[in-house]
1. Here's a check for you: in the range 42-85, which residue that is in contact (Cβ under 8 Å) with a residue 12 or more places away in the chain and outside any helix (DSSP H, G or I) is surrounded by the most Cβ atoms within 10 Å (Cβ to Cβ)?
2. Does residue 123 satisfy being under 30 Å from residue 61 (Cβ atoms) and outside the structural domain of residue 84 (by TED's automatic domain parsing)?
3. Within the range 182-203, which residues are surrounded by fewer than 19 Cβ atoms within 10 Å (Cβ to Cβ) and touching a residue at least 40 places away in the same chain (Cβ under 8 Å)?
4. Answer yes or no as to whether residue 111 is in contact with a helix residue (DSSP H, G or I) (Cβ under 9 Å, 6 or more places away or on another chain) and over 30 Å from residue 207 (Cα atoms).
5. Considering each of 140, 152 in turn, give the residue that is more than 30 Å from residue 26 (Cβ to Cβ), more than 12 Å from the chain's Cα centre (by Cα), assigned to a helix (DSSP H, G or I) and modelled with pLDDT of 95 or more.
6. If you scan the range 221-233, which residues turn out to be under 27 Å from the mean Cα position of the chain (by Cα), surrounded by 12 or more Cβ atoms within 10 Å (Cβ to Cβ) and free of Cβ contacts under 8 Å to residues at least 40 places away in the same chain?
7. Based on what the data block shows, is residue 218 surrounded by 19 or more Cβ atoms within 10 Å (Cβ to Cβ), more than 25 Å from residue 112 (Cα to Cα), in the same structural domain as residue 117 (by TED's automatic domain parsing) and at pLDDT below 95?
8. Among the residues of the range 163-181, count how many are loosely packed, with under 15 Cβ neighbours inside 10 Å and under 30 Å from residue 107 (Cβ atoms).
């Protein structure tokens, strides 16, 4: 009887031990050691195992490793799309991160990805490569589907890529979107600049379709944030 009880206790302890989620210290060690290729392989295996494929952590480690690899000038051809793949894995991480614990822990990395995408969008926009800018904004939208600046830029870029019906849908569905944004003190400088560009282009787009009143409403809301900005003031003066 005693042996039976002892066996049951051991079995219970064993099952409890294996029921605990992994700490992924092996992934952390590889990341800290800059072993990014090994980290990609190791973390991807976790994303395929039935017992860990729904954990968000392996996906963010794959994303972080691929992002680091994408910054290497002489990377192998197999990693030529590392940047795009990094974003794809981060999207998967967000889908798995139901409690948002990973987002909170990896907020700095999320912001780094966001700002690189903003850089790409702004650069392509300034060069009038609107199609490329739209593709980068679509990637950003997959990470931040509720971000006001991203949404407004989506409409502006649709207009600039000759998809005026698509742009009007975005503007109609989000005509009061700025009302959800009460303050931008927490924004980084790049996020503020991106929001400003998105607002300016939305104003110009609404003026283009003869919706001056709506352009004025958006301009008045954003004026409290950008009234000291010369570029914004020039646009705002056209709708006052």
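The values are calculated or read from the model by the stated rules, or taken from the named source; none is laboratory data. Remember, it's a predicted structure, so these values are computed and weren't measured experimentally. Here Cβ is always computed from backbone atoms with ideal geometry, including for glycine, and neighbour counts include all displayed protein chains.
1. Checking each candidate, the answer is 55.
2. Numbers: under 30 Å from residue 61 (Cβ atoms): yes; outside the structural domain of residue 84 (by TED's automatic domain parsing): yes.
Judged against the criteria, residue 123 is a match.
3. Taking the range 182-203 first, the residues surrounded by fewer than 19 Cβ atoms within 10 Å (Cβ to Cβ) are 182-193.
Residues satisfying the conditions are 184, 188, 190, 191, 193.
4. Working: in contact with a helix residue (DSSP H, G or I) (Cβ under 9 Å, 6 or more places away or on another chain): yes; over 30 Å from residue 207 (Cα atoms): yes.
So residue 111 passes the test.
5. Working: 140 fails: more than 12 Å from the chain's Cα centre (by Cα).
Step by step, each of 140, 152 is checked, and only 152 is more than 30 Å from residue 26 (Cβ to Cβ), more than 12 Å from the chain's Cα centre (by Cα), assigned to a helix (DSSP H, G or I) and modelled with pLDDT of 95 or more.
6. Start the filter on the range 221-233 by keeping residues that are under 27 Å from the mean Cα position of the chain (by Cα), which leaves 221-226, 229, 231-232.
Narrowing further to those that are surrounded by 12 or more Cβ atoms within 10 Å (Cβ to Cβ): 221-223, 225-226, 229, 231-232.
Correct list: 223, 226, 229, 231, 232.
7. Values: surrounded by 19 or more Cβ atoms within 10 Å (Cβ to Cβ): yes; more than 25 Å from residue 112 (Cα to Cα): yes; in the same structural domain as residue 117 (by TED's automatic domain parsing): yes; at pLDDT below 95: yes.
In short, yes.
8. 4
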